[in-house]
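Coordinate-derived values only; no laboratory data. Keep in mind that this is a model prediction, so the values were computed, not measured.
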Amino acid sequence: MLSIRFDSKTEWWVSGGTFARLFEAALRDGIMPAHLEEWRHIADANGGLDLSQLAPADAGVFVAALRSTAEREVQRLRDASATTPDGSYRISLQKLLALEQAPH
């Protein structure tokens, strides 16, 4: 499991495989800038990532890329059964999107 901390009150616990899959989709779609890929590896190596470690502009781009990719992936996999790998991935992304919408 990885802990992705967006701020002092918002944390997304996610499997490494789900985070890697989302990140790869963001890179593949050209939404995540390639220069931010190192943070994926840092998160993997350290069991998570506190986005305050990134420059504020990079953190904003990082979050926006994950969020927009998650929205697209959830829509693309809307019919996937929860008991399948795609369904589990979709549910994890929905949790990310719900976190980002929660008031702080």
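For the reader, a short list of remarks on this structure follows.
- Our summary gives the chain a relative contact order of 30 percent, counting only alpha carbon pairs under 8 angstrom and 6 or more residues apart.
- Translational D in µm²/s for the chain (Stokes-Einstein at 20 °C, 1.002 mPa s, Kirkwood Rh from C-alpha pairs): 156
- Between the helical axis of 16-28 and the longest alpha-carbon principal axis of the chain there is an angle of about 80 degrees.
- Using alpha-carbon coordinates, inclination of helix 56-76 to the longest axis of the chain, degrees: 0
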